[in-house]
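K.L.:
Structure below; questions to follow.
The values are calculated or read from the model by the stated rules, or taken from the named source; none is laboratory data. Quick caveat, the model's predicted, so the values are computed rather than measured. Cβ sites come from the backbone with ideal geometry, for glycine too, and all protein chains shown count toward neighbours. Each accessible area value is taken on the protein alone, full model and side chains, heavy atoms only, with ligands, DNA and RNA left out. Shrake-Rupley method; radii C 1.70, N 1.55, O 1.52, S 1.80 Å.
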Amino acid sequence: MKDHLKVPEKSGEEAIRMLKNSGILDPEFSILHEGGFLFIPLASNPENVDSKWEIVRLEGVARAKRNYPVRISGSYDVIGHIAISKERNEEKLRNLAADLMKSGKGIRSVYFDRGVKGDARIRDLMLIAGEDAPVAMYRENGIILKVDVKKVYFSPRLATERLLLSTKVSDGERIVDMFAGVGSFALNIASRKNTNITAIDNNPNAVSLMQENIGMNRLLGKITPLMADSSKAIIDYHDVDRIIMNLPHGAYSFIKPALGSLREGGKLNYYEICDFERLVDRLEEFRRIGLIMAEKREVHAYSSKERMYSVELVKRKLA
Ligand code: SAM
């Protein structure tokens, strides 16, 4: 039980000000409200309180403790309960991991990213803090994705890019995603548009997670996962409305087979990490083979000179 000052509502403001000024109001308990009266929790010394109001003993209601945000310095990505950092300074990395673990953001595992390996672009991860639990449920733009950060490539930094693309797609489009991973582009699109998407990846772990992700989300469109090498599989597709090529260090070498599968006027969403000069050369080369740039965007910085670029190309109609 706790002492409360019983004050008519109309005198509430005056009483609260008086109690605050004399340091008697208990901020850890809530002010209660009943029958036209406020019941203001008292910290101590009820004898110091102005006698014009009655002091009553009530079951107090403790306020929920506020978690003040921990200031986190350092760069990191969050995928569900997992945080991944490329910080190379060990002391900074350990401090960052400790801050993340107590940040209240629900982080249970912090990994150091030693870089991506091979065509599958799988991250080489070392556990720095928390539990080794690499499978995360990640929410993005209204969809849920299951991701195993040790077995597939996934970047939350493309969430806005995936949303933007999904808003540009029209109902009825036939789409091939040549480097689909766990299905993040395909699911963003099919959750908003009635499309028919073939989502190809040559990493069996990515394709099996994609299958689970398709089952977990409400989709307007259809996604067909395909475990294959895109350079070969794409040849079987003809007159496709749109092709997505999100292999930022390697998509360039797949451009000609992709072009052959695209219908005239069809769109190709191409991603590359490079410096600006290289991008200009690429665009000129694309123009020569019949792919005209419709839109170009910088998605994020990658190094001091390099950026990840998103380019929408349109296949020129033959005269
Ligand atoms: N688009 C996905 C995303 O945003 O989450 C993943 C993109 S990741 C950068 C590239 C993906 O391409 C990886 O999942 C990798 O396994 C796949 N990949 C690489 N070479 C491939 C190939 N020749 N054929 C099919 N998939 C390939």
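K.L.:
Which of (1) open to solvent by 50 Å² or more (accessible area, probe 1.4 Å); (2) modelled with pLDDT of 95 or more; (3) over 19 Å from the mean Cα position of the chain (by Cα) does T167 not meet, given it meets every other one?
P.N.:
Among (1) open to solvent by 50 Å² or more (accessible area, probe 1.4 Å); (2) modelled with pLDDT of 95 or more; (3) over 19 Å from the mean Cα position of the chain (by Cα), T167 violates only (3).
K.L.:
Here is a follow-up. Taking K150 and the conditions (1) outside any helix (DSSP H, G or I); (2) modelled with pLDDT under 95; (3) under 19 Å from the mean Cα position of the chain (by Cα), which numbered condition does it fall short on, given that it satisfies the others?
P.N.:
It fails just one condition, (2).
K.L.:
For segment 301-316, give me each residue that is out of contact with any Asp or Glu (no Cβ under 9 Å at 6 or more places or on another chain) and under 15 Å from P248 (Cα atoms).
P.N.:
The answer is A301, Y302.
K.L.:
Quick check, is A206 within 25 Å of G172 (Cβ to Cβ) and within 9 Å of the ligand (Cβ to nearest atom)?
P.N.:
It is false that A206 is within 25 Å of G172 (Cβ to Cβ) and within 9 Å of the ligand (Cβ to nearest atom).
K.L.:
In segment 114-145, what residues are touching a Ser or Thr at 6+ places or on another chain (Cβ under 9 Å), part of a strand (DSSP E or B) and over 22 Å from A180 (Cβ atoms)?
P.N.:
Selection gives L127, I128, A129, G130.
K.L.:
Among the numbered conditions (1) at pLDDT 95 or above; (2) surrounded by 15 or more Cβ atoms within 10 Å (Cβ to Cβ), tell me where S155 comes up short.
P.N.:
Evaluating S155 over (1) at pLDDT 95 or above; (2) surrounded by 15 or more Cβ atoms within 10 Å (Cβ to Cβ) leaves (1) as the failure.
K.L.:
Report, by residue number, each residue of segment 90-125 that is open to solvent by 70 Å² or more (accessible area, probe 1.4 Å) and more than 16 Å from the ligand (Cβ to nearest atom). Can you show your working first?
P.N.:
Applying the first criterion (open to solvent by 70 Å² or more (accessible area, probe 1.4 Å)) to segment 90-125 yields 90-92, 94-95, 101-102, 104-105, 108, 114, 117, 119.
Those that are open to solvent by 70 Å² or more (accessible area, probe 1.4 Å) and more than 16 Å from the ligand (Cβ to nearest atom): E90, E91, K92, R94, N95, M101, K102, G104, K105, R108, R114.
K.L.:
Now for a separate question. Exactly one of (1) open to solvent by less than 70 Å² (accessible area, probe 1.4 Å); (2) out of contact with any Asp or Glu (no Cβ under 7 Å at 6 or more places or on another chain); (3) more than 15 Å from the ligand (Cβ to nearest atom); (4) closer than 29 Å to K117 by Cβ is unmet by D281. Its number?
P.N.:
Going through the list (1) open to solvent by less than 70 Å² (accessible area, probe 1.4 Å); (2) out of contact with any Asp or Glu (no Cβ under 7 Å at 6 or more places or on another chain); (3) more than 15 Å from the ligand (Cβ to nearest atom); (4) closer than 29 Å to K117 by Cβ, D281 breaks only (1).
K.L.:
Let me ask something else about it. Can you tell me which residues in segment 230-248 are of a type outside the set (D, E, K, R) and more than 8 Å from the ligand (Cβ to nearest atom)?
P.N.:
I234, I235, Y237, H238, V240, I243, M245 - these are the residues of segment 230-248 that are of a type outside the set (D, E, K, R) and more than 8 Å from the ligand (Cβ to nearest atom).
K.L.:
Filter segment 137-149 down to residues that are more than 13 Å from the ligand (Cβ to nearest atom) and either of a type outside the set (A, V, I, L, M) or open to solvent by less than 40 Å² (accessible area, probe 1.4 Å) (or both), then give me how many there are.
P.N.:
From segment 137-149, those more than 13 Å from the ligand (Cβ to nearest atom) are 137, 139, 142, 144; that's our starting set.
When the remaining residues are screened for being either of a type outside the set (A, V, I, L, M) or open to solvent by less than 40 Å² (accessible area, probe 1.4 Å) (or both), the result is 139, 142, 144.
Counting residues in segment 137-149 that are more than 13 Å from the ligand (Cβ to nearest atom) and either of a type outside the set (A, V, I, L, M) or open to solvent by less than 40 Å² (accessible area, probe 1.4 Å) (or both) gives 3.
K.L.:
Taking only segment 296-319 into account, find how many residues are acidic (D, E) and surrounded by 13 or more Cβ atoms within 10 Å (Cβ to Cβ).
P.N.:
2
K.L.:
What are the residues in segment 203-214 that are outside any loop (DSSP other than H, G, I, E, B) and either modelled with pLDDT under 95 or within 16 Å of A120 (Cβ to Cβ) (or both), if any?
P.N.:
Taking segment 203-214 as the starting set, the residues that turn out to be outside any loop (DSSP other than H, G, I, E, B) are 204-214.
Scanning segment 203-214 gives P204, N205, A206, V207, S208, L209, M210.
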